[in-house]
1. Kirkwood Rh, Cα Rg: Rg to Rh for the stretch 105-233?
2. What ranking of THR244, THR607, THR549 comes out by heavy-atom accessible area, probe 1.4 Å, highest first?
3. What's the whole-number percent of alpha carbon pairs in the chain lying beyond 43 angstrom?
4. For LYS196, which aspartates and glutamates qualify as cross-link partners when the Cα separation must be under 13 Å and same-chain residues fewer than eight apart are set aside?
5. In the structure displayed, which of LYS146/LYS171; LYS4/LYS195; LYS116/LYS146; LYS63/LYS160; LYS4/LYS116 lie more than 18 Å apart, Cα to Cα?
6. What's the ranking of 370-377, 48-55 by average number of surrounding C-beta atoms within 10 Å, highest first?
7. As a test of reading the structure, rank LYS195, LYS564 by solvent-accessible area (1.4 Å probe, protein chains only), most first.
8. In square angstrom, what is the accessible area per residue of the chain with a 1.4 angstrom probe?
Amino acid sequence: MNQKVNSFDVFETAIVRIWAKPTDLFWELGNQLKQEGLIDVSPEAWQKMRVDAETNARRASAKGEVTLEQIYKQFLSCFNWSTNQLEQIMEKEIALELESLRPVPKIQQKIQSLQKQNSRIIYMSDMYLPKNVIQNFLVKNNVWAKDSKLYISSEIEASKATGELFPYCLKQELIKASDLVHIGDNLNSDVKQAKKQGIKVEPFTQTHLNRYEQLIADEQRLPLRFRSLLAGISRLTRLQSQQTDSNKQVIWETTASAIAPVLFGFVHWCLQEAQKKGIKRLYFVARDGQILHKIAEVICRNWNYDIDCRYLYGSRQAWNAPALQEIGETELTWIFNNTTFLSVDAVCERVNIKPTQIQDVLNRYGFSKAKWNINLDNEERERLKRVFVENEVVDIILATATTYRENAIGYFRQEQLDDGLPFAIVDVGWTGSSLRSFSKVLQSAGFYPQSGTHGFFFALEKRVKASTLDQLLAYFYDAEAPVKNRADTCQYRCLLELFVSADHGGTKEYDWNGDRYFPVLRYQKNEIAINWGLYVLHDAAVEFANQFTLNLTPQECSIDLFLKATDILIEEFVNNPSIQEAKTFGSFLMAEDQVEKTLYELAPAYTLIDCIKLITRGRHPHGNIWLPASLARTNPILRTFLNSKAVSMTHNIRVLGSRLRRNILSKQVSGTV
């Protein structure tokens, strides 16, 4: 009985390039040759010439198979190269190939597993490079199996693409087609042609660019080197996944290709802005700052930024309440932030008091104890607001704020915010209200920076400041200088906040344990997010940052390029999620309220009742729905009622109906008078 033989395709199966497309490597070669004065044409022109040279050499070959030397002989009529120069340039291409190749982990593991089983392994490749060169590639990347054999089309003059290489290998190995299992990525060469021979095939297409990577690789507004390496490194990061759970695999892959480049661009901008402004320390504020801080540490380590990056525990809850020195319209705005669920208890918690402390006043306004934990309607919310401007309630709130402020100041001193080193705060967004409260606490402590507080944000829908000296800078979207489509993207702020979720609860306050100040967290472990796959997202984002910074320099990664890439990736993910992405990311549980009283699915599937409510009342299940993902998750029949035209039409009908009712009532009143 013949031993089973396992054959592996080489390029895009056992090993993969960091370049998005194989021919992009020719551009890089042309760039190097141009710099060294070996060619006098542009890298783009060289890339085309190199592709054409291979095509022409194949046409001139009897069987269509060529060697690297035959390809380069096509250039002799174009360039006045000596024999030594010709060999030097071919060696440069080989060296560049080796430099750009990486092992594919799943194939590497499969080969190692087969080796342990003493299985016979061979390799096949339709390639113009010499056998010893390709074998060296495999050895260097730890995917070469001892005592295996490599079959190269250019040497044998038979290829997988024509189907001729397979019978040649079967004959050499003295096996039947049924004894061979072939693994490869090309749907013609590795799959169709092998199956024609009766060979069992295990297609491996994970090395193909996914839709995010393809969009970047094809984007002509981005320089070729940047777009190719960005897409290629996204793919390389995606291939590092060791996930076995399908949902966690979706999280890893989507992060590698779409989310990680977006976060990386933001953090890179923060570091560049800090460097420009002479800022020596960045405080990445919890919880949004946790993954951003991890990415910053990678960038600083690999790109040598001399900036002290720290994680600072903080939140609206931890900063707004200690900053209170009066209760005016500004304070009432955040105290009564109009979330889907709002109760007496939730409002009290926002200012660190308990309903029992103001029970008499609550009773006077009709809020008995039985109503403290129920969701308030609009009239009740307005009535409750009047409770919070009563003098006795204001006095209790401000007295409480004093204690919380002292602990906040102690924590800030401990974190060296008072040492005079220029610093900035990093947060996702959206109005700067937390930074305003932060600045107020610093002012009351006496160590507010002379030049004001700097804040770096992903997006700002407006700016609120404690002082005109405060500087709030926005990376992706700034309402004061809006860019088309970005406002639409930022309406899904909860989706963007999912990208930067942390593994712990929100910071409620600060306390003293007799030795040091510490943050009091709402809960120590964010078990819901962790079980969803939060660490998978974090690990993929950090892996991308590491791969990217090891293969590019900061000088070739301008902020403008990352913003263009961010536009492409965010727009695709937000507006066109795959059904798998919609299910996985849409099932993430998020809280609208800073005290996290109620959790909602980010993109729930709409029920019939939800559809009726939307059509008749214009109400979604909650105020932060990621609608495109909800549509993807919703039953196709119900989905027809939720398309943008239908929703817009029913909205217009409701508006018209409301106007008609007002007109009728107005006429009735006039008639009565």
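The values are calculated or read from the model by the stated rules, or taken from the named source; none is laboratory data. These numbers were taken from a predicted model, which means no experiment stands behind them. Every residue, glycine as well, gets a Cβ built from its backbone with ideal geometry; the counts of neighbours run over all protein chains shown. These area figures cover heavy atoms from the full protein model, side chains too; ligands, DNA and RNA do not enter into them. Shrake-Rupley method; radii C 1.70, N 1.55, O 1.52, S 1.80 Å.
1. Here Rg/Rh amounts to 1.02.
2. THR244, THR607, THR549
3. 40
4. Output for LYS196: GLU164.
5. Beyond 18 Å between Cα atoms: LYS146/LYS171.
6. Output ranking for 370-377, 48-55: 48-55, 370-377.
7. Of LYS195, LYS564, the descending order of accessible area is LYS195, LYS564.
8. Accessible area per residue, the chain: 45 Å².
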